[in-house]
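The values are calculated or read from the model by the stated rules, or taken from the named source; none is laboratory data. Remember, it's a predicted structure, so these values are computed and weren't measured experimentally. Cβ sites come from the backbone with ideal geometry, for glycine too, and all protein chains shown count toward neighbours.
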Amino acid sequence: MNLAEFRNLSECPANFSPALKGLWHDRLGDWDTAHEIVQNSSDRDSAWVHAYLHREEGDRGNANYWYRRCGKPEFTGSLQAEWEHIVSSLLAA
């Protein structure tokens, strides 16, 4: 699956990782569900999405905590660019 296909999914596949499920819900503007999914997961990819979600929320301090937890640098580009980067990276893994 590629980024364009991910964007066009009408339903979230059950076999998606929590991180991808969170990003799918975020794409729909459902920040609360996206956040709930990743905050209840302990893997690095979920921590990465958690960082992005707090950056999107405007809570830089919390976002930086989660960037450290996932071992990724704070993203400095646009939120859209970060979302695309994370989705593409997770789909390629």
| task | Only residues that are hydroxyl-bearing (Ser, Thr, Tyr) and either under 19 Å from Leu53 (Cβ atoms) or touching a helix residue (DSSP H, G or I) at 6+ places or on another chain (Cβ under 6 Å) (or both): list them for segment 1-41, please. | result | Ser17, Thr33, Ser41
| query | What tally of residues in segment 10-35 results from selecting those that are farther than 10 Å from Val87 by Cβ, without any contact (Cβ under 8 Å) to a residue 40 or more places away in the chain and surrounded by 13 or more Cβ atoms within 10 Å (Cβ to Cβ)? | reply | 11
| Any hit, segment 57-76, residues being out of contact with any His (no Cβ under 8 Å at 6 or more places or on another chain) and under 21 Å from Ser10 (Cα atoms) | no
| Any idea which of (1) in contact with a Phe, Trp or Tyr (Cβ under 7 Å, 6 or more places away or on another chain); (2) loosely packed, with under 12 Cβ neighbours inside 10 Å is the one Gly61 doesn't satisfy? | (1)
| note | Filtering segment 38-81 down to residues that are more than 15 Å from His25 (Cβ to Cβ) and touching a Gly at 6+ places or on another chain (Cβ under 7 Å) yields Arg44
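Test Ser88 against the criterion of being at pLDDT below 95 and on the phi < 0 side of the Ramachandran plot, and give yes or no.
Numbers: at pLDDT below 95: no; on the phi < 0 side of the Ramachandran plot: yes.
Answer is no for this residue.
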